[in-house]
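Below is one structure, written out as structure tokens; the observations come after it.
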């Protein structure tokens, strides 16, 4: 068995890390796909239901993989299969088209899909997944260029790279290839990270949406374009921000999830409300197992071991990863913050109170 990274001899001073630790092909995609289909162990309760969960292997949903590997789902009476997908939009699409019963997704895609006027299959929030912590996402700049950026006020008129895996797809027609479709005007914030980054630099630029152009791309491409001077700034998650800093000498310009966006809920677990209505016991069992895993994830050791042994992250990166929060309850007020942020950024157009009521509460007849 892989040694617990928490017991390694590496220094315990950890650099703030990111919410969504996506892995490149060189980091072990094959391992991710194998882990998504592997069975858990240790469950002794009779299995009462089978559910498929669509998820991007990441820090956000590390407790999901922890629960699978430690047999927490089977102990709760569930037979769980995890479908590894390439984007959060694809995870929501799998629930929308019936390929999966539950999706682990960022709130940008969850809320935008729910708000689409032609959406036919409404979502119901089963659990809050992950809330932001200090240093989860960073705007990075290269200090070695001829005219380095030293303040967000210098970004006016520039194009900023943004991770493409969180691009919002609010198209109610289920995706067939897992590719997100941008549904906001070109150049405007197209993900929750981009919206939060806009909020962070709004004190420096009067109209961020018009003054800055956001360009979705892979984080590897972001690092390349920042390094060669094509881009003056990029939004990076961990471990990419750490890699850019260590290899290229790039530095943090500002922390995306700070100030008004501090501790913002980033991701959750949703199901179609019709499925949740007809499978109340499976919902209860899922919540019970996930709550157990979220509680275990409050300790660094279990998450570090999951990041390494299940998600394929190296021991060094796992040991250097500091985490946000894995909640065991849903805060309506916190989810409302996300909805308001997306509404103000014109990513969604909603009546927030009634919209959240539908997302957070099944009708009494469905309980």
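I need the peptides 158-166, 333-341 ranked by packing, meaning the mean over residues of other C-beta atoms within 10 angstrom, with the highest value on top.
Details: 158-166: 22.1, 333-341: 17.3.
Highest mean packing first, the order is 158-166, 333-341.
Gain on full extension, evaluated as 0.36 nm per residue between residue 279 and residue 218 minus their Cα-Cα distance, stands at 18.2 nm. For residue 349 and residue 86, the difference between the fully extended length at 0.36 nm per residue and the C-alpha to C-alpha distance is 92.0 nm.
Can you tell me the order of 54-60, 276-282 when each peptide is scored by its average per-residue count of other Cβ atoms within 10 angstrom, highest first?
Working: 54-60: 26.9, 276-282: 15.6.
Packing proxy ranking, top to bottom: 54-60, 276-282.
A crude spin-label estimate for the pair residue 334 and residue 262, with each label 7 Å from Cα along the Cβ direction, gives 1.5 nm.
When a footprinting reagent is the concern and you count Cβ atoms within 10 Å, what order do 275, 214 take, fewest first? Spell out each step's value before the answer.
Numbers: 275 18, 214 24.
Fewest-to-most ranking of 275, 214: 275, 214.
Just rank 212, 270, 234, fewest to most, by other beta-carbon atoms within 10 angstrom. Spell out each step's value before the answer.
Numbers: 212 24, 270 27, 234 30.
The fewest-first ordering by Cβ neighbours comes to 212, 270, 234.
Rule-based calculations on the coordinates, nothing more; no lab input. Worth saying up front: this structure is predicted, and the values here are computed from it rather than measured. No Cβ is skipped: glycine too gets one built from the backbone with ideal geometry, and neighbour counts run over all protein chains shown.
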